[in-house]
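**Student:** This is the structure, below, for whatever I ask next.
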Amino acid sequence: MNPLPLPAAPAAEARLAGLDLLASSVLLVDADARVRYANPAAENLLDASLKSLSRQKLTELFANGEELAALCRQALAHKWADLRQDLTLLRPGREPLHVHLTVSATLEAEVLLELRENVQQLKLDREERILDHSQANKELIRNLAHEIKNPLGGIRGAAQLLELELAARDLGALSEYTQVVIKEADRLQTLVDRLLAPHRRPHIVGDVNIHEVCERVRSLVLAEFPHGLAIRRDYDASLPEFRGDKEQLIQAVLNIVHNAAQALAGRIGQGDAEIVLRTRVARQVTLAKVRYGLALDLHIIDNGPGIAPEIRDRIFYPLVSGREGGSGLGLTLAQTFVQQHLGVIECESQPGLTDFRILLPLP
């Protein structure tokens, strides 16, 4: 049983009160690497109360706590005024914490640990997971589609032969059943062709102006939804052209915008549906572990109901759809086309605002 935290002296209470106001997470530990104090931000970050954290050793809080404790000992030995470094804190049974750590000794022979979540590392980890999932999905889709394609041809051919046999025996009335088989086989064939499309079609590279891509998509979607939907432009005219497959990028953006328009059905009926196409330049962007000085930053924003929380983390998986009757392939294909351009698609969604962000490296 851990002892209760020692009561703080009035001067200490005043000192700690200031730390309570910080947005960054702060731990105060003693010479034995035991936690004496944690501010509210640290309680939120570690998902634990001050009472449960107090008097625990860093080695009890983190699987690699000895590394942190060693830094504290070095700080107390005045090996440096303060140390700043990125660190991954391992917690048994929980997700690792990627933090930017600042370690400094106090005049009271204690050590102040300031922890800030490393957003860039979290982003890199998320992108790596997406790429791994995407690669696995592509292999699965390719293999599954080929396995389905062969028997489909046999089923359709057998149904056609059966239809001819029925006609020869004057049983043409039964041909409606063979027609059902043929039509369903054709429908599945179309689905398989869509699954295989990104892997069959050659990558045709040329100069691409992203605003021409956006304008093409805008005209196509407005032709289908002429009333009740506004597609607003917010372009950065300084964006340079880049090398890419224009048709693939049109298809990728079209799939996202078309999904947004379908999700806006309710607002289109009310006449206040809106999609924003916003282009900007992003600087010093890391995509698939490669650092680029410049990147195209395209946002597709709608004011629809948002993506259901239960599928939000799986929207780029094949055959996952939030719409009744949807094939669940539009975003999968969009992601494949963007990744073939060394880019990435990100998504943030809440009721009233869904933002798909396409990042592509620029020369």
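**Student:** Looking only at region 64-82, count every residue that is under 35 Å from the mean Cα position of the chain (by Cα) and surrounded by 14 or more Cβ atoms within 10 Å (Cβ to Cβ) and tell me the total.
**Tutor:** The qualifying residues number 6.
**Student:** Considering only region 324-343, state which residues are modelled with pLDDT of 65 or more, in a loop (DSSP other than H, G, I, E, B) and out of contact with any Ser or Thr (no Cβ under 9 Å at 6 or more places or on another chain).
**Tutor:** The answer is Q340, H341, L342, G343.
Residues are listed down the side, and each one gets a yes or a no for (1) small (G, A, S); (2) assigned to a strand (DSSP E or B); (3) at pLDDT 80 or above:
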| site | (1), (2), (3) |
| --- | --- |
| M1 | no, no, no |
| A12 | yes, no, no |
| L71 | no, no, yes |
| R91 | no, no, yes |
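**Student:** If you go through region 213-235 one residue at a time, how many are under 17 Å from L298 (Cβ atoms), surrounded by 14 or more Cβ atoms within 10 Å (Cβ to Cβ), touching a helix residue (DSSP H, G or I) at 6+ places or on another chain (Cβ under 9 Å) and of a type outside the set (A, V, I, L, M, F, W, C)?
**Tutor:** Adding up the residues that qualify gives 3.
**Student:** If you don't mind, another one. Return a yes/no flag: does region 306-322 have any residue that is at pLDDT 85 or above, surrounded by 19 or more Cβ atoms within 10 Å (Cβ to Cβ) and of a type outside the set (V, I, T).
**Tutor:** No, region 306-322 has no match at all.
**Student:** Out of all the residues in region 88-106, is one or more of a type in the set (A, V, I, L, M, F, W, C), assigned by TED's automatic domain parsing to the domain that holds A42 and over 35 Å from the mean Cα position of the chain (by Cα)?
**Tutor:** yes
**Student:** Also: Let me spell it out: the conditions are (1) closer than 28 Å to L53 by Cβ; (2) modelled with pLDDT of 80 or more, and Q121 meets all of them except one. Which number is the exception?
**Tutor:** Against the list (1) closer than 28 Å to L53 by Cβ; (2) modelled with pLDDT of 80 or more, Q121 comes up short only on (2).
**Student:** Okay, moving on. Please go through region 285-300 and give me each residue that is part of a strand (DSSP E or B) and out of contact with any Phe, Trp or Tyr (no Cβ under 8 Å at 6 or more places or on another chain), ordered by number.
**Tutor:** Listed by number, the residues that qualify are L287, V290, R291, Y292, G293, L294, A295, D297, L298.
Conditions tested, residue by residue: (1) touching a residue at least 12 places away in the same chain (Cβ under 8 Å); (2) under 26 Å from L329 (Cβ atoms); (3) in contact with an Asp or Glu (Cβ under 8 Å, 6 or more places away or on another chain); (4) surrounded by 20 or more Cβ atoms within 10 Å (Cβ to Cβ).
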{"site": "D272", "(1), (2), (3), (4)": "yes, no, no, no"}
{"site": "V281", "(1), (2), (3), (4)": "yes, no, yes, no"}
{"site": "H299", "(1), (2), (3), (4)": "yes, yes, yes, no"}
{"site": "G304", "(1), (2), (3), (4)": "yes, yes, no, yes"}
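The values are calculated or read from the model by the stated rules, or taken from the named source; none is laboratory data. Predicted model, so just to flag it, every value in this text is computed and none were measured. A quick note on method: Cβ atoms are made from the backbone with ideal geometry, for glycine too, and the neighbour counts reach across all protein chains shown.
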